[in-house]
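This report refers to the structure that appears directly beneath it.
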Amino acid sequence: MIFQLNLATLAVAGQAAWKRVRPIVITDTVLLPAAGFLGIIILWWAIALVNPELMPTPPQALVASLDYILNPFYQRGPGDLGIGWLLLASLQRVLIGFALGAAVAIPVGFLIGMSKPAMMALNPIIQIFKPVSPLAWLPIALAIFNLADPSAIFVIFITSLWPTIINTALGVSSVSKDYINVARVLEMPRWRQITKIILPASLPYIFTGLRISLGIAWLVIVAVEMLTGGVGIGFFVWDEWSRLNLSSVFLAVLVIGLTGLLLDFAVAKIESLVIHRRPA
């Protein structure tokens, strides 16, 4: 009987708490984001009404893009593919280049963070190449590989290096010296210091660098594919613009944005699983 009374009390308290929190939750997670999207759509609609010959209204763009939306993986010829295949082709290039960049950037970041001579030798190179536009590397990549796909992957690789190197080096150099001194007193091998002390303490910085690198890589691939052509979401945007088909361009912009959001969410989820921290 007492147990049932306690359950009833908890249920009543829970309902009262939810009534107080519910307006805040709905406002933050539903109403405010919906208002933001509604504002963008209204702005788009207003511009389309001013320039109806070129820019479609949101309903017109939706109707014109229904085939891409309902059949994202169609294949109607060598150059006529659904937007799903184009997106997968771009994702493949980005993930290969990003993985190669992370495989190089994380060890280099550890080297810089743990060794002052390495930092003095490599920091000027990083500071010189970091501000260079990723597209400036494309002619060099085309001269080396003479093919579009490896050139695009090379540009993504270069783009992915700098944020991860810098954040990894910052994380490694920020590890408390007390931990390192205790490890030395215990005569802990260097590799064990790295795996048990430095790496766990640096993981938040490393994942921050990885998230920034992946976001930049996804930005760059669209511009690279516009210049190199072939199969990809970037070339799709340029090709549809050449045909003055802005409805498909708007659809591609939405797909690119949602894909970037999902990529960042995936890395944040991996981070929360690895370091047991709730993602922001």
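The values are calculated or read from the model by the stated rules, or taken from the named source; none is laboratory data. Here the structure is a predicted model, which is why all the values come from computation and not from measurement. Note that we place each Cβ from the backbone using ideal geometry, even for glycine, and neighbour counts take in every protein chain shown. The protein model used for the area step is the full one, side chains on, heavy atoms only, and it has no ligands, DNA or RNA in it. Shrake-Rupley method; radii C 1.70, N 1.55, O 1.52, S 1.80 Å.
Annotations
- Note on the chain: Lys pairs 8 or more places apart or on different chains, Cα atoms under 24 Å apart, count 5.
- Label-to-label distance, A121 versus L49, with points set 7 angstrom from Cα along the beta-carbon direction: 6.6 nm.
- In sequence order, calculated HN-Hα J values of segment 108-125 (Karplus, 6.51, -1.76, 1.60; Hz; x Gly/Pro): 5, x, 4, 4, 5, x, 9, 10, 5, x, 5, 5, 5, 7, 9, 4, x, 5
- Solvent accessible area, Å² - L49, 1.4 Å probe, full protein context: 120
- Highest mean packing comes first when the peptides 59-67, 98-106 are listed by Cβ atoms within 10 Å, giving 98-106, 59-67.
- Leading residue at positive end of dipole, the chain (Cβ point charges), from P139, W45, P189: P189
- Here the 3J(HN,Hα) profile of segment 233-248, calculated from phi with Karplus coefficients 6.51, -1.76 and 1.60 at θ = phi - 60°, is 5, x, 5, 4, 4, 5, 5, 5, 5, 4, 8, 6, 9, 6, 4, 5 Hz, Gly and Pro shown as x.
- Panel note: the C-alpha atoms of segment 71-227, placed on their principal axes, show extents of 68, 33, 20 Å (largest first).
- Taken per residue, the accessible surface of the chain reaches 61 Å², heavy atoms only and a 1.4 Å probe.
- Nearest-0.05 FRET efficiency for S176 and K196, computed from C-beta distance (R0 22 Å): 0.95
- Within the accessible surface of segment 52-155, defined with a 1.4 Å probe on protein heavy atoms only, the carbon and sulfur portion equals 72 percent.
- Peptide ranges 235-243, 123-131 listed from the most packed, as the mean C-beta count within 10 angstrom indicates: 235-243, 123-131
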